[in-house]
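Working notes for the structure below.
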Amino acid sequence: MMSAIKGIISKSETKVSIALIGLTNSGKTSLVKRIIQSQEFLHGSISAVSELEYHTVDNLTLTTWDLKDHIPQYKSLWKRSILGADALFFLVDSTDPSVFEKIRQLIIDVVEFNSPIKMLVLASKSDHKSSVPVNELLEQLDLIKLDRNKCECDLFKFSSQTGEGLYAIGEWLNKSLFKQKERIIDYIELRASLILDEETDRTFEALFVDNPNILLLTAFRELRRKARVFSRTMRIYGTGEEVIEIANYKVVFVKEKSHVIAFLMGNTDPIQRAIEIARNVLYNANSMNDEHLNLRKLVGDLYPLDLPR
Ligand SMILES: Nc1nc2c(ncn2[C@@H]2O[C@H](COP(=O)(O)OP(=O)(O)O)[C@@H](O)[C@H]2O)c(=O)[nH]1
Ligand SMILES: [Mg+2]
């Protein structure tokens, strides 16, 4: 199994390096493990500089730096390994508001000393019950006030445990590394969907293709099984997401509270949009009584252009 981020990098013909900075405990090493999808690292840390760790697999290098009270902008190792990277992630532990003020200042300093800079601020541990919502974090970190000429900056939340947000990070990387053109809306051709209510164990199914062939039906049967596996793996989490492949299809799973939704779609369809649609459909389904839940109608009403034409 390869993570989506690793999959994106493996398309690159040249080496790609990503720098992850943040305070100790902000979740850098956990994210590295999730990206590499291995507990073992091929190359360990450089022992002479304790705050720096680097890991390489194939053409991908991930470097982490434990920040203290200031940005070490005069250290040559910092300049080479962190500022020299192709992408910069700034990790913030979203469960620890006591560090937000310090982070706010550190972000200002990184930008000040290194502009123009492109940086993705990542709010980690979103699975945790005391994780601060993104809009609150945006405000506390004052990201809106950053000078757009000096800093192109986005904020996503993510969890190394549930996988939430990892696909958004992958898309961001794809865009920033390969300058992939942004399309206004990249529609999906959703083929089928399923909602599993963990409390009642009821499922709701919808095929969006009028004359499904045997491949699609087989994939859908496999999806039913995988949805239960996903539900079991995620049972202790309030939210989560995962993308897998079944035959020639991609399947997106999203969990919110006690409901799991799955979308079966084409192999090259845009995953990020599928995840957004999945969350929104679940949100709507959650506010509905099960008796009134017609999945095909619900998706069709909300996203008519994402159904096969
Ligand atoms: N709940 C939760 N805990 C996490 C997550 N990521 C990391 N942690 C925990 O936070 C602590 C620090 O993580 P680590 O990756 O070592 O942080 P680093 O010092 O920045 O490398 C560890 O105890 C992890 O188990 C996450 O996504 N969710
Ligand atoms: Mg670490």
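Computed from the coordinates by the stated procedures, all read-outs in this text should not be read as laboratory data. This is a predicted model, so every value here is computed, not measured. Neighbour counts are summed over all protein chains in view; Cβ atoms, including those assigned to glycine, are modelled from backbone coordinates with ideal geometry.
So how much slack lies between Leu215 and Lys79, counting 0.36 nm per residue of separation and subtracting their Cα-Cα distance, in nm?
Stretched out fully, the Leu215 to Lys79 stretch lengthens by 43.8 nm.
Does a label point 7 Å from the Cα of Arg148, set along Cα-to-beta-carbon, have any residues of segment 72-89 with amide nitrogen under 12 Å, and which are they?
In segment 72-89, the label zone of Arg148 (backbone N under 12 Å from the point 7 Å along Cα→Cβ) covers no residue.
Within a Cβ distance under 13 Å of Lys150, other residues only, what is the Lys/Arg minus Asp/Glu net charge?
-1
What's the exposure ranking of Lys6, Lys145, going from fewest to most Cβ atoms within 10 Å?
Ordered by Cβ neighbours within 10 Å, fewest first: Lys145, Lys6.
So how strong a dipole does segment 120-250 carry about its Cα centre when Lys and Arg Cβ are +1 and Asp and Glu Cβ are -1, to the nearest 20 debye?
340 debye
Report Rg(Cα)/(2.2 N^0.38 Å) for the chain, keeping two decimals.
Rg over 2.2 N^0.38 Å, computed on Cα atoms: 1.06.
Can you put Phe204, Phe89 in order, fewest other beta carbons within 10 Å first?
In increasing order of surrounding Cβ atoms, one gets Phe204, Phe89.
Tell me, Ser159, Ser3 in order of fewest to most beta-carbon neighbours within 10 Å?
Values: Ser159 25, Ser3 20.
The most exposed by this proxy come first: Ser3, Ser159.
Could you work out how far helix 100-114 tilts from the main Cα principal axis of the chain, as a 0 to 90 degree angle to the nearest 10?
Once rounded, one gets 70 degrees.
Local charge sum around Asn267 (other residues, Cβ-Cβ under 12 Å, Lys/Arg +1, Asp/Glu -1)?
Charge balance in the 12 Å sphere: -1.
Please compare each pair in Lys6/Lys175; Lys28/Lys75; Lys125/Lys150; Lys6/Lys257 to a cut-off of 18 Å on the Cα-Cα distance and tell me which ones are over it.
Distance filter (> 18 Å) returns Lys28/Lys75; Lys125/Lys150; Lys6/Lys257.
Report the local net charge at Lys255: Lys and Arg +1, Asp and Glu -1, summed over other residues whose C-beta lies under 14 Å from its C-beta.
-2
Suppose every K and R has +1 on its Cβ and every D and E has -1 on its Cβ; what is the size of the dipole of the chain about the Cα centre, in Debye to the nearest 20?
580 debye
Let me have the 222 nm mean residue ellipticity of the chain computed from DSSP H runs of 4+ only, each contributing -39500 (n - 2.57), with the sum over all residues rounded to the nearest 500.
After summing the helix terms and dividing by the residues of the chain, the value is -9500 deg cm²/dmol.
Expected output is a single nm value to one decimal: the length gained when fully extending between Arg104 and Asp301, i.e. 0.36 nm times separation in residues minus the C-alpha distance. What is it?
Additional length available on full extension: 66.7 nm.
Calculate, in nm to one decimal, what Glu222 and Asp186 gain on full extension: separation in residues at 0.36 nm each, minus their alpha carbon distance.
That works out to 10.3 nm of additional length.
Specify the angular offset, from 0 to 90 degrees and rounded to the nearest 10, of the alpha carbon long axis of helix 214-233 from the longest principal axis of the alpha carbons in the chain.
Approximately 60 degrees, to the nearest 10.
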